[in-house]
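Before any comments, here is the structure.
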Amino acid sequence: MNNRYDRQVRFDGIGEQGQKKILMKHVGIIGAGALGTHVAETLIRAGIGYLSIIDRDYVEYSNLQRQCLYTERDAGEVLPKAVAAKKHLEQINHNGHVNAIVGELSGKLFSDKFSTCDVIVDATDNFETRLLLNDLAIKYKIPWIFGGCLGSKGLTYTIIPDETPCLSCLMNHMPFSNDSCDLSGVIAPIVEWVATQQVVEVFKLLVEDHTALRGTLLYEDMWTNEHISMNVQTLKNPLCLSCGRHRTHPYLSESKKRYRTSVLCGRDTVHIRPEENMKLDMSYMKQMLMKDELPCVDNGFLLHTCIDGHRLILFQDGRALIHNTSDMKWAMKLYMEVIRKGRTCLTE
Amino acid sequence: MKVTINGQEVQLPEQVQTISGIRKHFNIEQALTIIEQNKKIVDKNKYDSQALSDGDRIEIVHFVGGG
Ligand SMILES: [Zn+2]
């Protein structure tokens, strides 16, 4: 092992014992975008034993401004983010076991891949997935660390099931807002700030130093120099459907619907998700698209084609990204036309 | 009146008298926020009635969702 972890072992908060724990433990990261790549890089450098990272998207040039790990070559090859992240993480530290999952978080996938995690880091970019993660983390009693950023603003909170308020408790306190899409952009420093706050809480949880946990909701606006550390314990709601006495895991139930479509914020792209266990025969699909004289590129992980000027990306799990549209109905129609050309099956 | 919002002193126009007034004034009615007044989180159902006083310390946390 030589002494690659020497500097953090010398740090009193971690020490030899703490490092031993880090080397054996399992962290899940939901999302391999800006937050996810920073969190993953720091954890793999720190010697995390097992890292499971899931992402539903692929690398684009516009990601490179703030998402570490990725290179121009990954964007050129249209690699799924989870695949590209694993490749680079293993180059940084080959000792960690990295499990990369190209897909969408679901109840089944969580129970297969994330239920043994010691901590889970939220690196998603939407509240729909976060609320699902919240239900799942509470169900499996795994601490998870909320993180969000936009513009120069960032926010993080550590959620310990049955101790702290959960994300639903917090969201239920906020006045209704139509989940409008904000196109403000984001600067890399606030991403790194949020990721740093998340990772230090991960360290504390991994070395089991719970007294060191921050305990507050932390908010920062790096451009206007606003810093807030807010105690939100009073928002814990005994009647919360996600974490209260009579919990029903409402977002987990909602996620089992057959087809779900959403417009990706600020991307003019529709994301379509079929039911959980679908598997697409990629080589057959490619043959069928080429038979119809549609341009078709297969990089071993996903297929991309172009129909009537719309770029369409198809993943093995049957998901699709349809670019240059935010018309969900139209995108669904196009998706069904394409998917019917192929062969699908359901995995166990 | 003068209040402190997120650590910065702000002179509010006369018509701003409640938490709802602040949300309107700063055009954040549509934003997901948690608001604290003098270290106490203000219940969302009391935004219209919760009066402001000179010297109040208001903290507004924006629930930003990007990542
Ligand atoms: Zn709750």
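The values are calculated or read from the model by the stated rules, or taken from the named source; none is laboratory data. Small disclaimer: the values here were computed from a predicted structure and weren't measured. For neighbour counting, all protein chains shown are included, and Cβ atoms are generated from backbone atoms with ideal geometry for every residue, glycine included.
Numerical summary
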quantity	calculated
Count - residues of segment A:1-47 that are more than 14 Å from chain B (Cβ to nearest Cβ) and either among the polar types (S, T, N, Q) or touching a Ser or Thr at 6+ places or on another chain (Cβ under 9 Å) (or both)	9
For A:Ser253: the one exception among (1) within 16 Å of the ligand (Cβ to nearest atom); (2) at pLDDT below 90; (3) within 14 Å of chain B (Cβ to nearest Cβ)	(3)
Options A:Glu201, A:Glu208; residue that is assigned to a loop (DSSP other than H, G, I, E, B) and either more than 8 Å from chain B (Cβ to nearest Cβ) or not basic (Lys, Arg) (or both)	A:Glu208
Unique match (being within 22 Å of A:Glu276 (Cβ to Cβ) and away from chain B (no Cβ under 14 Å)) among A:Asp135, A:Asp162, A:Asp122	A:Asp135
Residue in segment A:151-170 that is farthest from A:Leu217 (Cα to Cα), counting only those that are surrounded by fewer than 21 Cβ atoms within 10 Å (Cβ to Cβ) and away from the ligand (no atom under 14 Å from the Cβ)	A:Gly151
Candidate set: segment A:229-250, residues that are in a helix (DSSP H, G or I) and more than 9 Å from the ligand (Cβ to nearest atom); chosen: the one nearest to the chain's Cα centre (by Cα)	A:Pro250
Selection status of A:Gln197, within 16 Å of the ligand (Cβ to nearest atom) and either in contact with a Ser or Thr (Cβ under 7 Å, 6 or more places away or on another chain) or in the same structural domain as A:Arg130 (by TED's automatic domain parsing) (or both)	no
Some residue of segment A:269-292 being within 16 Å of the ligand (Cβ to nearest atom) and more than 14 Å from chain B (Cβ to nearest Cβ)	no
Test: residue in segment B:22-30 that is at the interface with chain A (Cβ under 10 Å from one of its Cβ atoms) and surrounded by 17 or more Cβ atoms within 10 Å (Cβ to Cβ)	yes
Residues that are surrounded by 14 or more Cβ atoms within 10 Å (Cβ to Cβ) and acidic (Asp, Glu), drawn from segment A:276-301	A:Glu276, A:Asp281, A:Asp298
Check on A:Thr305, touching a His at 6+ places or on another chain (Cβ under 7 Å) and hydroxyl-bearing (Ser, Thr, Tyr)	no
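Conditions tested, residue by residue: (1) within 14 Å of the chain's Cα centre (by Cα); (2) of a type outside the set (A, V, I, L, M, F, W, C).
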site: A:Leu64; (1), (2): no, no
site: A:Cys68; (1), (2): no, no
site: A:Gln91; (1), (2): no, yes
site: A:Asp112; (1), (2): no, yes
site: A:Asp122; (1), (2): yes, yes
